[in-house]
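The structure appears below as structure tokens.
The values are calculated or read from the model by the stated rules, or taken from the named source; none is laboratory data. No experiment lies behind these values; they were computed from the predicted model shown. Backbone-built Cβ (ideal geometry, glycine too); neighbour counts: all protein chains shown.
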Amino acid sequence: MGNINSYLKHKRSTIKNIPEFDRIESEQERQDKLLDYYLSTDVDSIDRLHMYHFFKRYIFQGNFSSPIEDKLIKGECKVLDIGCGAGTWLLDLANEYENSYFFGVDIKPIFPQEIKPNNLEFIEADITNRLPFHDNAFDFAHVEGMSLIFTPDQWDFILSELIRVTKPGGYIEVAGRRNGHVGDGPVFRKMYDASKNIHRF
């Protein structure tokens, strides 16, 4: 929780950790640069997304927390991932659960366009406008790592869209990471320390 001042202070401290932000003067410039940093499409950034996915899967011993595995194995389960990026999470699931269907949406098409499983579809779209799906279309909706991308008002809309496209009795999983470490558990601390060591090489 906290007020807007503590939130802005937290965001500024995040930016200070990125060396190329030292010379930026205006807050708007900082925010634009931060978005470019998190939405980067260069090869190193995409590799980092792939590495982060497999690292997190190893630490947590799975790709999701929701109790949907039986349904995925049985098949005919429809899964949505918004802000899918390079599509690593979806590619991993689509290969493991061949009888279910997977859909990824992102504003930047850095996901694979041609080489992908038949049960996986990627869609280029701006999710802050409206998700391009009918009501009650998915058994499981997922969003991860987007906490710094959207404003609070955009989050209100995105969450309402996730509710709209998820079937009654389905699951919505929102995952992310904070940049502060107050109250973090041992698993997060272990993951954070390991990721710092990876970036040193």
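Mind listing whichever residues of segment 56-72 are assigned to a loop (DSSP other than H, G, I, E, B), surrounded by 13 or more Cβ atoms within 10 Å (Cβ to Cβ) and free of Cβ contacts under 8 Å to residues at least 40 places away in the same chain?
If the condition is that a residue be assigned to a loop (DSSP other than H, G, I, E, B), surrounded by 13 or more Cβ atoms within 10 Å (Cβ to Cβ) and free of Cβ contacts under 8 Å to residues at least 40 places away in the same chain, then Asn63 is the only one that fits.
Within segment 116-126, is there a residue that is surrounded by fewer than 16 Cβ atoms within 10 Å (Cβ to Cβ) and part of a helix (DSSP H, G or I)?
Among the residues of segment 116-126, not one is surrounded by fewer than 16 Cβ atoms within 10 Å (Cβ to Cβ) and part of a helix (DSSP H, G or I), which makes the answer no.
Checking the condition at pLDDT 95 or above and surrounded by fewer than 16 Cβ atoms within 10 Å (Cβ to Cβ), which residue from His199, His181, His134 passes?
It is His134.
Would you mind stating whether Ala94 is in contact with a Pro (Cβ under 6 Å, 6 or more places away or on another chain) and either surrounded by 13 or more Cβ atoms within 10 Å (Cβ to Cβ) or part of a loop (DSSP other than H, G, I, E, B) (or both)?
yes
Here is a list of conditions, (1) more than 22 Å from Glu69 (Cβ to Cβ); (2) in a strand (DSSP E or B), and His134 meets all of them except one; can you say which number that is?
(2)
Does Val187 satisfy being surrounded by 21 or more Cβ atoms within 10 Å (Cβ to Cβ) and either on the phi < 0 side of the Ramachandran plot or touching a Cys at 6+ places or on another chain (Cβ under 7 Å) (or both)?
no
Would you mention how many residues in segment 91-103 are at pLDDT below 95 and farther than 19 Å from Asp70 by Cβ?
1
With respect to Glu69, determine if the residue is within 29 Å of Arg189 (Cβ to Cβ) and either out of contact with any helix residue (DSSP H, G or I) (no Cβ under 7 Å at 6 or more places or on another chain) or not β-branched (Val, Ile, Thr) (or both).
yes
Of the conditions (1) modelled with pLDDT under 95; (2) out of contact with any His (no Cβ under 9 Å at 6 or more places or on another chain); (3) of a type outside the set (Phe, Trp, Tyr), Lys78 clears all except one; give me its number.
The failed condition is (1).
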